[in-house]
1. Two-decimal Rg/Rh of region 366-424 from alpha-carbon positions, Kirkwood Rh?
2. Given 0.36 nm per residue, what is the gain on full extension from residue 309 to residue 89 after removing their alpha carbon distance, in nm?
3. Decide, for region 246-309, between rounded, prolate and oblate: order the square roots of the alpha carbon gyration tensor eigenvalues as a ≥ b ≥ c, take rounded if a/c falls under 1.5, and otherwise choose prolate if a/b is larger than b/c, else oblate.
4. Only helical DSSP H runs with n ≥ 4 go in: add -39500 (n - 2.57) per run for the chain, normalise by residue count and round the 222 nm mean residue ellipticity to 500 deg cm²/dmol.
5. For region 1-130, what number results from the quotient of the Cα radius of gyration and 2.2 N^0.38 Å?
6. Specify whether the C-alpha gyration tensor of the chain places it in the rounded, prolate or oblate class, a ≥ b ≥ c being the square roots of the eigenvalues: rounded for a/c under 1.5, otherwise prolate if a/b is larger than b/c and oblate if not.
7. Averaging sequence separations of C-alpha pairs under 8 Å and six or more residues apart, then dividing by the length of the chain, give the relative contact order as a whole percent.
8. Please list, in order, the residues from region 346-384 whose amide nitrogen is less than 19 Å from a point placed 7 Å along the Cα→Cβ vector of residue 395.
Ligand SMILES: *Cc1c(COP(=O)(O)O)cnc(C)c1O
């Protein structure tokens, strides 16, 4: 493990002295071996020792086509030859205009022509933050100033700014900030493997959606909107919602005149098998949050799409107070927009068409190699999003003691075998690039199965 070159040792030492890693207990990091990535090729990452790793998580869920994709590299280099950054305050830029047009056309085709207004920011959290502020201000300007609250799902994850953390529902991440969080109406997460209503999927008739509708109805007068990760709650542990749940929530929102905010930061751009998750249940949100895969995973770029109806509520005279006072320095960054345009060309130029075969292959591999393992409780898959839940006992779903950090151990073992995956507690997450080659998918699943066996059956 520690056959590092001198240069790698120096970089690792400097990292330990100066870099504060996200979501990381830095005291434990001191003891850990970690790769220092310096290059990549296709779906492979290369570290400073020349070791190669198959990137099984798309550089944290964003890299749609793999790394150093010639078409995207070219688009960014071309844009660099023109301008790297200019502002959208008081002026416009060609790439941000072209991308907005493209996103609106895509939304029109996949969801609804109503979703025609694009507000840029630079991260998933900011895309959600923008949606929250838009929804809040929209209700005021429509004469509903008492509609100030939001409803969100249990175990929700929407990013790490205070607004996103407020609607988040993962206690271990968000609980410490309780005094800073605004109050949120919580709907039970529709997690069938650990059903909050203790029902079973075969005969529950979506009781969780009835429960959600009842809660929303009771509180509708004080609610601005409902925020959901459609179809799959990613950071909660790749919780795949039962079919029909999203459509029911959307229907309830329509009936109660609540804005539906779809956080497709993780699910967008093909992840769930379709361009957007919402289209699988025929749902059009009022606000649609996009980030991660938007730029093909190349650059920090995000967008919040709003319907014409939301947009119109912000129009008025200069003194009407209806202006949306929100913006980021790098709003609509031209490099990010150029990368996004090239990524969309690839998605529409064949990647989406090839996706159903990839997804089916992934499903077959998981069924054959991972599902039978003694300590795999459930394999959850939607498109190329995969969560493998490790349990001490398959019949009772009893988890392993969390201090054993089984998920973490599996991930370290997989990396030793040349594959990068990530844990969410004891859920092992695979999130391959949509364009990952068949033999690489096979290697990803085989190595994951071997690592799980090595750790849980040791
Ligand atoms: C990753 C993620 C975010 C946050 O995105 P950042 O770019 O990390 O701020 C928000 N919502 C969902 C569903 C995500 O998966």
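1. Working: Rg = 11.8 Å, Rh = 12.3 Å.
My calculation puts Rg/Rh at 0.96.
2. Working: separation 220, 0.36 × 220 = 79.20 nm, distance 2.34 nm.
Result for the pair: 76.9 nm of gain on full extension.
3. Working: a/c = 3.13, a/b = 1.70, b/c = 1.84.
Oblate shape, in that a/c is at least 1.5 and b/c is the bigger or equal ratio.
4. Values: 15 runs with 168 residues, N = 458.
That comes out to -11000 deg cm²/dmol.
5. 1.42
6. Cα axes put the chain in the oblate bin.
7. On the way: 835 pairs, mean separation 89.9, N = 458.
For the chain, the relative contact order is 20 percent.
8. From region 346-384, the list is 372-378.
Any read-out appearing in this document is the output of simple, stated calculations on the displayed coordinates, not a laboratory observation. Just so it is clear, the structure is predicted and the values come from calculations on it, not from any experiment. Note: ideal-geometry Cβ built from the backbone for every residue, glycine included; neighbour counts use all protein chains shown.
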